[in-house]
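The values are calculated or read from the model by the stated rules, or taken from the named source; none is laboratory data. The shown structure was predicted, so the numbers you read here are calculated from the model rather than taken from an experiment. With ideal geometry, Cβ positions are generated from the backbone for all residues, glycine too; neighbour counts draw on all protein chains shown. SASA here: full protein model, heavy atoms, side chains in, ligands and nucleic acids out. Shrake-Rupley method; radii C 1.70, N 1.55, O 1.52, S 1.80 Å.
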Amino acid sequence: MTITINDITAKIKLLKSETILAQATLVLFDVWKEHGWKVLRSDRLHPKFQEPIWFQAPSYKFLGKWNEIVFIDNSKLFDEVIEKIYDAYCLARSKNPNQGKEDEIVTEEVNIDDINL
């Protein structure tokens, strides 16, 4: 079985945090959910999106080192997943321009596949 970007839906929950801008959930084939993807603030510009952000797959910290729980072997698909998360994040952010300015959590979820781009 081959997974393509069309088999994946991204849902975003914006956070008002110093470091984590949003959490993403990826849904594969409308049956498998991967929680824990993060959109984080960065001190460097992302090479593709030219914003000070970076993306982290679900991971855990063990002995001071972060280990990914989810790893996408196909680098092209990985880049497409990051782009899908970024697009969903931008859409959610455009609906809530005050994101990141307070300490409370914004609970609105945006499904990027529900819009026509």
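Which GluC sites (Glu not before Pro) in region 1-100 pass both tests, a DSSP loop state and at most 12 other beta-carbon atoms within 10 Å? Show your work: numbers first, answer last.
On the way: sites: 18, 34, 68, 80, 83; in loops: 18.
Within region 1-100, the qualifying GluC sites (Glu not before Pro) (loop, at most 12 other Cβ atoms within 10 Å) are 18.
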Built amide H within the under 5 Å cut-off of residue 53, gap 5+: 42, 46
For residue 96, residues with placed amide H under 5 Å, excluding near neighbours: none
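Report, to the nearest whole %, how much of the accessible area of region 1-46 belongs to carbon and sulfur atoms, 1.4 Å probe, protein only.
51 percent
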Taking θ as phi - 60°, what are the ³J(HN,Hα) couplings along region 60-65 by the Karplus curve (6.51, -1.76, 1.60), each to the nearest whole Hz, with x for Gly and Pro? 9, 9, 9, 6, x, 10
How would you classify region 3-93 from its alpha-carbon gyration tensor, with a ≥ b ≥ c the square roots of the eigenvalues: rounded for a/c under 1.5, else prolate if a/b is greater than b/c, otherwise oblate? rounded
